[in-house]
Every structure is written in C-alpha cells, then in structure tokens.
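Remarks on the structure that follows.
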Amino acid sequence: RDRLGPAIHAALRIAAAVVRSLRDPATTAAVLPADGLAWRNLIQRPRLSVSLHDIAGDLWMRGIPVIPLDVLPTPSFQGIAGIVEGRPVILLGHKYDEPGRVAFVVSHEAGHIAAADCAPDQPVVDEEEDILDDTSIERRADQYANHVLIGDNNIPRVDGINFKDLASRASEIERQTGADASAVIFAWARRVATPSSYQTATLAVKALYRGAGARRLLRQLFDRHVDLTAATETDRALLRCIYGE
C-alpha cells in the first residue's frame, strides 16, 4: 500500500475535483442495494444481460461517480472505492478497454461501497487483479460482482483447451442464462487469478468482438455528468488526468 501512496493521493484529489464539478452537485448519493442480485434486478433490461453501460450509468445516476484515470503516478492500482467530500466514488487506475473486464472491476468496487467497507480518509484500494486476495471483504466484493453480472456466485465452468473454446463455451452460457459472455470469461479469469488466465480471457473476448469500447463509454458518462466549464482552473488541471490534454 505504501508504494501506491502517490497514486492513491493523486486519485483522491482528482475525485474531489470531480465531485466539486458535478452538473447536479445538490443531488445526494443514493444508497446501493446491499445484495448484488437486488441491484441486478433493478438495472437489468428485459431479455438483455447486465452490461458496463447499465452498471456505470446507474452508479452515475445514483450520484456515485465512476472515474477512469488516464494519467497517474506509477505504480498504479486496479480500482479504488472511497468516500470523497461526503460522496462515494469509484476510481479506475488501469486502462482496460474490454467492457466485461471493466464491468467486473466497477461492480467489485460498488460491492465495497454497498458493504460500507470504505470511509472518509479510508478508501479500499485493489491492486493487481491477477493476485488473489482472499480476505473476507474481497471475497464479499467478488460475490457482489458475480451476483450483479452473472446472477449467481457460482461462476459457470468455461475451461477450454484454448481461447476459442473459452469463447464458445461462454457464448453458450450467455444463450442459456442471459449472463454476459465477456463477464463470464473475466469472472473465470479472476477466479483462476494468473497472468496467463487474463491473457487467455482477453483473446477470448476479442474473438467475440467485445474487446473494446469501455474507455469511450466511461468518458461519455463523465462528460454527461461533469461540467468542465464550471470547474475552477485548479480543478480543471486535475480533471485533465481523466480526459487528457
């Protein structure tokens, strides 16, 4: 955690700038359902799986910013769930672009918020996704994410000889259960938690043509809910860490 100190400090300062620059700052953040399945039932559209669009869009509507960071000191982190200026926030440190992968990270951090794991000046910081953290709060946040994305904590078996088998099996599960195939693939990768599992998962998702678009979606939501024109010059300098120059 100490080695991540500069990145965490910078991220929380950026989050504070986002909170101060919200288009509707008077809106109080709505409480997330404590049960991931309950949240899934609220945001799932008929006959469609729960997507990053559903999850991140609902969090922003609840007054919980989901902040993708483009510039940070290294080493960085995977995700942070915290309370900044009295408002829950989620920060994403890695520049993943696969919607299913990012959806799992966002849902996991939302699980920390729903369980009240974070407090002012006491954020929950998740470092590397390919290092298994078996603490109780991390298992609970993983369960929350699985409930939101898959509808069950029992991740369907998608093991295959290669990434093509993995993609095929995940597509079959999507047809049978309505769980997003890419979310199933990355949930499997997180359960296995090795660098090779994430490499295989990335190839499998690309084979399904679902390997890109997360960063664009997160930026669109940011633009929709944050008023850059009303931000102070100091806050605009911080916000450039989200959208670049």
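Descending by average beta-carbon neighbour count within 10 Å, the peptides 27-35, 54-62, 170-178 line up as 54-62, 170-178, 27-35, the highest first.
No solvent, one uniform scatterer per C-alpha: report log10 I(q)/I(0) for region 1-119 via the Debye equation at q = 0.19, 0.21 1/Å, two decimals. Reported log10 I(q)/I(0), two decimals: -1.05, -1.25.
FRET efficiency for Lys206 and Ala26, Cβ-Cβ distance as r, R0 = 45 Å, nearest 0.05? Walk me through the numbers on the way to the answer.
Working: r = 43 Å, r/R0 = 0.95.
My answer for the efficiency is 0.60.
Magnitude of the Cβ-charge dipole of region 164-245, K/R +1 and D/E -1, about the Cα centre, nearest 20 debye? Each step should come with its number before you reach the end.
Numbers: 13 positive and 9 negative charges, 64 e Å.
Here the size comes out at about 300 debye.
From most to least packed by mean Cβ count within 10 Å, the peptides 103-110, 78-85 give 103-110, 78-85.
Here the simple spin-label model places points 7 Å from the Cα toward Cβ, and for Asp227 and Arg45 these points are separated by 2.9 nm. Each of His9, Ala34, Val19 was placed along the dipole of region 1-40 (beta-carbon charges, centred on the mean Cα), and the one lying farthest toward the positive end is His9. Here the spin labels are modelled as points 7 Å beyond Cα on the Cα-Cβ line, and at Asp134 and Arg157 they lie 2.1 nm apart. Mean residue ellipticity at 222 nm, helices only, the chain: -16500 deg cm²/dmol; runs of at least 4 DSSP H residues each add -39,500 (n - 2.57), and the sum is divided by the number of residues.
Taking the Cα centre of the chain as origin and charging only Cβ (+1 Lys, Arg; -1 Asp, Glu), how large is the dipole, in debye to the nearest 20? Please report the intermediate quantities before stating the final value.
Working: 28 positive and 32 negative charges, 128 e Å.
Using Cβ point charges on Lys, Arg, Asp and Glu, the chain gives about 620 debye.
Could you tell me what percent of the DSSP beta bridges with both partners in the chain are antiparallel, to the nearest 5? Counting DSSP beta bridges with both partners in the chain, the antiparallel share is about 75 percent.
Packing around the peptides 117-123, 209-215, taken as the average count of other Cβ atoms within 10 Å per residue, puts them in this order, highest first: 209-215, 117-123.
Every number here is computed from the coordinates shown, using simple stated rules; none is lab data. Small disclaimer: the values here were computed from a predicted structure and weren't measured. With ideal geometry, Cβ positions are generated from the backbone for all residues, glycine too; neighbour counts draw on all protein chains shown.
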